[in-house]
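*Asks:* Take a look at this one; I'll ask things after.
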Amino acid sequence: MHVPDHFLDPQTSIATAAVALTAVVVATRHARRELPDDDRVPMAGLVATFVVAAQMLNFAVGDGTSGHLMGGVLAAVLVGPATAVLCLTAVLAVQALFFADGGVTALGTNVTLMAVVGVLVGWAVFRAAMRLAPRRPVAVPLAAALAALVSVPATALAFTGLYAVGGTAAVDLGAVAGSMLGWHSLIGVGEAAITLAAVAAVMWTRPDLVFGARPYVRTRVVAR
């Protein structure tokens, strides 16, 4: 859901840029604890690369906006929420600066929506699902899929809220909400399926590299 330039008024764009900058600063301080070992660092690069590829698939949702897979939950589950914020921010910056995908003046808005709201809402849902699920390997990808399913329309809803506050286009708010939530609910299904497959594949081969599975992996190792 890359927001273009001038779709939100300057005040709203500046506010979201401040939120995005604060989130990046905080995430930078916490990311090292999520990737303490050198063998885990390349995972962040791989996740960012995968997200770039996934976000290349865009779907027009009208009114100057587009929808696509976001990858925030996938990144958070694999490398941690703070590192995921940094990965998504880097992806969005590269897309805005080099591929004209999302406006440069709207970069703060896009980071706030996809790298902050998408990641944190998804991570909260994942953690809640894991607390309720049995401590088995299959619970990790299933919880990740549920979180991905919820995070996409949640991000669309956050955009609708920003548009209600600072939207500049002469478009009915109900039309924006209906279009964004309708399309992104469908996109959420696709994101859930891809997140499920990707997390399950990593869990099958290297569960120790999955950040969201660390409590389970530690418990299993101690049990041995």
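The values are calculated or read from the model by the stated rules, or taken from the named source; none is laboratory data. None of the values given here were measured: they were computed from a predicted structure. So basically every Cβ, Gly included, is an ideal-geometry build from the backbone, and we count neighbours across all protein chains shown. Accessible surface is based on the protein model in full, side chains and every heavy atom, while ligands, DNA and RNA are left aside. Shrake-Rupley method; radii C 1.70, N 1.55, O 1.52, S 1.80 Å.
*Asks:* Along the positive direction of the dipole of segment 86-215 (beta-carbon charges: Lys, Arg +1; Asp, Glu -1; about the Cα centre), which of CYS87, THR105, LEU181 reaches farthest?
*Replies:* Farthest towards the positive end: CYS87.
*Asks:* Between LEU21 and ASP208, what FRET efficiency comes out of the Förster formula 1/(1 + (r/R0)^6) with R0 = 22 Å and r the beta carbon distance, rounded to 0.05?
*Replies:* Calculated transfer efficiency: 0.10.
*Asks:* Could you tell me the relative contact order of segment 95-224? Use alpha-carbon pairs under 8 Å, at least six residues apart, and round to a whole percent.
*Replies:* Averaging sequence separation for qualifying contacts and normalising by length gives 25 percent for segment 95-224.
*Asks:* Mean separation of Cα pairs under 8 Å and 6+ residues apart, divided by the residue count of the chain: what relative contact order is that in percent?
*Replies:* RCO, the chain: 27 percent.
*Asks:* Let me ask something else. Run the quick spin-label model on LEU186 and VAL94: label points 7 Å from Cα toward the beta carbon, then report their separation in nm to one decimal.
*Replies:* About 2.9 nm separates the two model spin labels.
*Asks:* Turning to a different aspect of this structure: Could you work out how much longer the chain between VAL165 and ALA201 gets when fully extended? Use 0.36 nm per residue separation minus the Cα distance between them, nm to one decimal.
*Replies:* The VAL165-ALA201 span can extend by a further 8.8 nm.
*Asks:* Now for a separate question. Taking just the C-alpha trace of the chain, give me its Rg and Dmax in Å.
*Replies:* For the chain, the Cα radius of gyration and maximum Cα-Cα distance read 17.2, 63 Å.
*Asks:* OK, next. For segment 122-180, with all protein chains present and a 1.4 Å probe, just round the carbon and sulfur fraction of the accessible area to a whole percent.
*Replies:* The nonpolar share, carbon plus sulfur, comes to 69 percent.
*Asks:* Taking the Cα centre of the chain as origin, sum charge times position over the Cβ atoms of Lys and Arg (+1) and Asp and Glu (-1), and report the length of that vector in debye to the nearest 20.
*Replies:* Once rounded to the nearest 20, the dipole reads 1260 debye.
*Asks:* Given a 1.4 Å probe, how much area per residue of segment 130-174 is accessible, in Å²?
*Replies:* Spelled out: the 1.4 Å probe surface of segment 130-174, per residue, equals 50 Å².
*Asks:* Just to be sure I understand the rule: take each whole DSSP H helix in the chain, project its Cα atoms onto its long axis, keep it if the span is 27 Å or more and its mean Kyte-Doolittle hydropathy is at least 1.0. Which ones pass?
*Replies:* 139-166, 173-205
*Asks:* Mind ranking 131-138, 179-186, 42-49 by how tightly packed they are, going by the mean number of other C-beta atoms within 10 angstrom, highest first?
*Replies:* 179-186, 42-49, 131-138
*Asks:* Under a plain spin-label model, where a point goes 7 Å from the Cα along Cα-to-Cβ, how far apart in nm are ASP172 and VAL41?
*Replies:* Modelled inter-label distance: 5.4 nm.
*Asks:* Next question, about the same structure. Take ARG127 and ARG32, extend 7 Å from each Cα along the Cα→Cβ direction, and tell me the distance between the two endpoints in nm.
*Replies:* 2.2 nm
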